[in-house]
């Protein structure tokens with residue numbers, strides 16, 4: 001028995017990969033954004049509503065532009081002492097889930 005590969009799909013795979021990676025990062029960023037919003041302490045809702053994600057190249061960013069966000073994430077804010085780490089936990093507590101998302105999406109690409 002002899003197997004001959006007449007055409008290689010390597011070029012098609014190479015061409016499709018950047019789009020598949022971007023879609024995967026978008027899905028992971030959106031999921032992480034949801035966890036950050038869910039875990040964010042709420043007073044007025046401004047901080048929670050400002051949390052968003054963005055994909056740039058091969059990186060997904062999740063964050064906020066609210067000036068007091070670091071104080072809520074890392075320490076004291078308006079006489080409330082304690083660290084919430086809502087952004088850190090949104091990433092670190094769900095790495096297995098993000099890996100599953102990536103594996104499923106790239107497998108189907």
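The values are calculated or read from the model by the stated rules, or taken from the named source; none is laboratory data. All figures in this text were calculated on a predicted structure; none of them were measured in a lab. As a convention, Cβ positions derive from the backbone with ideal geometry for all residues, glycine included, and neighbour counts pool all protein chains shown.
Residues of region 95-107 that are touching a helix residue (DSSP H, G or I) at 6+ places or on another chain (Cβ under 6 Å) and more than 10 Å from residue 24 (Cα to Cα): none at all. Residues in region 1-16: is at least one touching a strand residue (DSSP E or B) at 6+ places or on another chain (Cβ under 8 Å) and either under 25 Å from residue 99 (Cβ atoms) or modelled with pLDDT under 95 (or both)? There is no residue in region 1-16 that is touching a strand residue (DSSP E or B) at 6+ places or on another chain (Cβ under 8 Å) and either under 25 Å from residue 99 (Cβ atoms) or modelled with pLDDT under 95 (or both).
With respect to the stated conditions, residue 13 fails to be over 21 Å from residue 92 (Cβ atoms) and surrounded by 15 or more Cβ atoms within 10 Å (Cβ to Cβ).
Looking only at region 44-67, residues that are touching a residue at least 12 places away in the same chain (Cβ under 8 Å) and either in contact with a strand residue (DSSP E or B) (Cβ under 6 Å, 6 or more places away or on another chain) or assigned to a strand (DSSP E or B) (or both) come to 9 in all.
Filter region 24-53 down to residues that are touching a helix residue (DSSP H, G or I) at 6+ places or on another chain (Cβ under 7 Å) and surrounded by fewer than 15 Cβ atoms within 10 Å (Cβ to Cβ) and give me whichever is farthest from residue 84 (Cα to Cα). Step through it out loud before you land on a result.
Pass one, region 24-53, residues touching a helix residue (DSSP H, G or I) at 6+ places or on another chain (Cβ under 7 Å): 24, 27-28, 31-32, 35-37, 39-42, 47-48, 51-53.
Within this subset, residues satisfying the condition of being surrounded by fewer than 15 Cβ atoms within 10 Å (Cβ to Cβ) are 41-42.
Values: 41: 7, 42: 11 Å.
Among them, the one singled out is 42.
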